[in-house]
């Protein structure tokens with residue numbers, strides 16, 4: 001049997017009001033279900049990928065860095081072509 005001093009009778013996590021949580025902890029844990037006692041999250045690669053897929057909202061920023069790098073290459077190529085056209089007198093000067 002456990003000693004009374006080592007048994008967690010309440011969760012004790014700090015709430016938004018600054019007071020300790022008064023809920024009972026999950027069996028075998030130190031915190032209640034609201035403060036991290038319920039799940040430790042996915043542990044396998046398959047589980048982590050499944051959670052990542054569920055968290056995806058729209059995919060707007062998927063592979064953002066690679067796409068941005070490619071866009072920057074396109075922009076630099078456009079700038080180079082415009083500069084060559086201006087140097088050759090083909091591109092009209094503003095104003």
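Gaussian network model of the chain, Cα springs within a sub-10 Å range: biggest mean-square fluctuation belongs to which of 54, 66, 83?
Largest GNM mean-square fluctuation: 83.
Per the helix-only calculation at 222 nm, which mean residue ellipticity applies to the chain, given -39500 (n - 2.57) for every DSSP H run of n ≥ 4 and division by its residues, nearest 500 deg cm²/dmol? Don't skip to the answer; put the middle values down first.
Details: 2 runs with 36 residues, N = 95.
So the calculated ellipticity at 222 nm is -13000 deg cm²/dmol.
Rounded to the nearest 10 degrees, what's the angle between the helix 64-88 long axis and the longest principal axis of the chain, both from Cα atoms, 0 to 90?
The helix 64-88 is inclined about 20 degrees to the chain.
Relative contact order of the chain, please, whole-number percent, based on alpha carbon pairs below 8 angstrom and at least 6 residues apart.
This gives 12 percent for the chain.
Answer with a single label: of (1) 16, 51, 28, 6, 0; (2) 12, 18, 16, 15, 11, 10, 9, 6, 2, 0; (3) 16, 53, 30, 1, which was calculated as P(r) over Cα pairs in 10 Å bins from 0, in percent from the structure in view?
(2)
Under a plain spin-label model, where a point goes 7 Å from the Cα along Cα-to-Cβ, how far apart in nm are residue 68 and residue 26?
Taking the two extended label points, one gets 3.7 nm.
Between 53, 28, 37, find the one with the highest GNM mean-square fluctuation for the chain; connect C-alpha pairs within less than 10 Å.
28
Please check: in the Gaussian network model of the chain (C-alpha springs, under 10 Å), which one of 84, 46, 71 has the largest mean-square fluctuation.
84
Distance in nm between label sites at residue 86 and residue 54, each 7 Å beyond Cα in the beta-carbon direction?
Those two pseudo-labels are separated by 5.4 nm.
Each reported figure results from applying straightforward, stated rules to the coordinates on display, with no laboratory input. None of these values were measured; they are calculated from a predicted model. Please note: Cβ atoms are built from the backbone with ideal geometry, for glycine as well, and neighbour counts cover all protein chains shown.
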